[in-house]
Amino acid sequence: MTTVFTRALRAALVPLLAFAALMVGASAANAAACLSGTADGDYCYTDNGTNATIVDYTGTADAITIPGTLGGYPVASIGVHSFYSKGLTSVTLPDSVTSIGYRAFGSNNLATVNLDENLRSIGSAAFDTNSLTSVTIPASVTSVGAISFNNNGLASVKFEGNEPTMGASAPFGLVGAGNDPLVSYYARNTGFASPTWTVDSETYRSQALATVTYDANGHGTAPSSADVVVGASTSEPTAPSQPGYTFAGWFNAATGGSAFNFAAPITADTTVYAHWGVLASTGTNPLPGGLVALALLGIGVTLVARRRRS
């Protein structure tokens with residue numbers, strides 16, 4: 001009996017021990033892959049007791065979403081060379097990241113990168129030598145380093161906020177060396193110029209944008225706002241609708257005003273308002289249901305009383 005029990009116990013323990021050894025081996029391999037910092041999954045990080053800085057990526061995936069926390073610490077910084085030459089094609093940053101270090105994502109194959117609104121600084125050569133064709137710089141960014149997007153062949157760059165402090169050398173590449181991006185910015189923001197915008201010795205094509213916002217004025221659903229190049233016109237959107245009301249057109253004021261001229265050039269941020277006609281007839285009895293019921297009841301009582309008298 002004892003021998004049978006011992007064999008059964010060994011049979012049960014063997015897969016468990018093998019699994020434990022596998023986990024220990026994987027953990028040791030992961031730790032060994034981190035030349036500095038602490039391992040957490042495919043990432044190596046350091047911390048200051050409050051936030052984490054990624055110092056290396058040990059994974060093999062080419063499209064990644066960087067986690068918002070490592071070791072329980074919010075990921076606030078992408079460190080120097082941390083994702084350099086990793087064969088990446090796409091990266092999404094968490095909203096906790098405020099800074100991207102020198103050459104952090106350099107020499108990859110990035111075709112898309114999503115920068116979050118909490119980002120403050122983009123280091124020199126941070127995205128140098130990739131395959132980006134467009135990039136949007138969030139309004140929160142206050143500094144963009146030299147050659148930060150060099151050697152990408154960018155076709156378009158869009159700034160959501162005021163001009164950041166720009167690095168002294170070709171942040172979006174050397175014009176004429178495979179780089180000729182069109183830089184777009186909002187006319188309401190400061191620091192830019194058009195039709196060209198110069199950073200140090202590089203002059204990029206540029207255009208100012210204005211936002212046309214549609215206000216449904218209390219009825220229906222407003223169309224989405226539209227960004228329009230300053231000096232150009234915008235097309236009339238699909239009219240909103242709401243049962244019981246008639247759409248009377250788009251106007252330049254919430255009440256009164258005049259019909260909005262969609263052929264006129266847009267020169268600044270503009271709000272266009274929907275106007276509505278009077279309540280349309282629905283073909284139903286205008287009395288509320290309760291009053292109708294009371295009226296019918298009254299007529300019935302009157303008829304019964306007359307019959308009794310007769």
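Nothing in this text is a laboratory measurement; each read-out follows from the coordinates by a stated rule. Worth saying up front: this structure is predicted, and the values here are computed from it rather than measured. Positions of Cβ are generated from backbone atoms using ideal geometry, with glycine treated the same way; all protein chains shown enter the neighbour counts.
Data overview
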read-out	value
Overall dimensions of the range 150-253 as given by Cα atoms, namely Rg and Dmax in Å	18.9, 61
Estimated vicinal HN-Hα couplings, Hz - the range 204-217 in sequence order (Karplus 6.51, -1.76, 1.60; Gly, Pro = x)	9, 4, 8, 8, 8, 10, 10, 9, 9, 10, 9, 10, 6, 6
Backbone HN-Hα couplings from phi across the range 242-256 [Karplus 6.51/-1.76/1.60, Hz, Gly and Pro as x]	7, x, x, 10, 10, 6, 9, x, 9, 10, 8, 8, 5, 10, x
Nitroxide proxy distance, nm - points 7 Å out along Cα→Cβ at Ser134 and Arg205	1.5
Which of His275, His81 has the fewest Cβ neighbours within 10 Å, and the rest in rising order	His81, His275
Virtual paramagnetic centre 7 Å along Cα→Cβ of Thr267, amide N under 15 Å, in the range 214-245	230-233
Per-pair calculated FRET efficiency, R0 = 45 Å: Thr50 and Val229 via Cβ, rounded to 0.05	0.55
Distance between modelled label sites at Arg120 and Ala177, nm, 7 Å Cα→Cβ extension	3.1
The range 41-89 shape via C-alpha gyration tensor axes, a/c threshold 1.5	prolate
In Hz, Karplus ³J(HN,Hα) per residue of the range 75-83 (6.51, -1.76, 1.60; θ = phi - 60°; x = Gly, Pro)	7, 9, 9, 9, x, 3, 6, 5, 10
Rg/Rh (Cα only; Kirkwood hydrodynamic radius) as it applies to the range 19-165	1.00
Within the range 39-207, percent of DSSP bridges classed antiparallel, to nearest 5	30
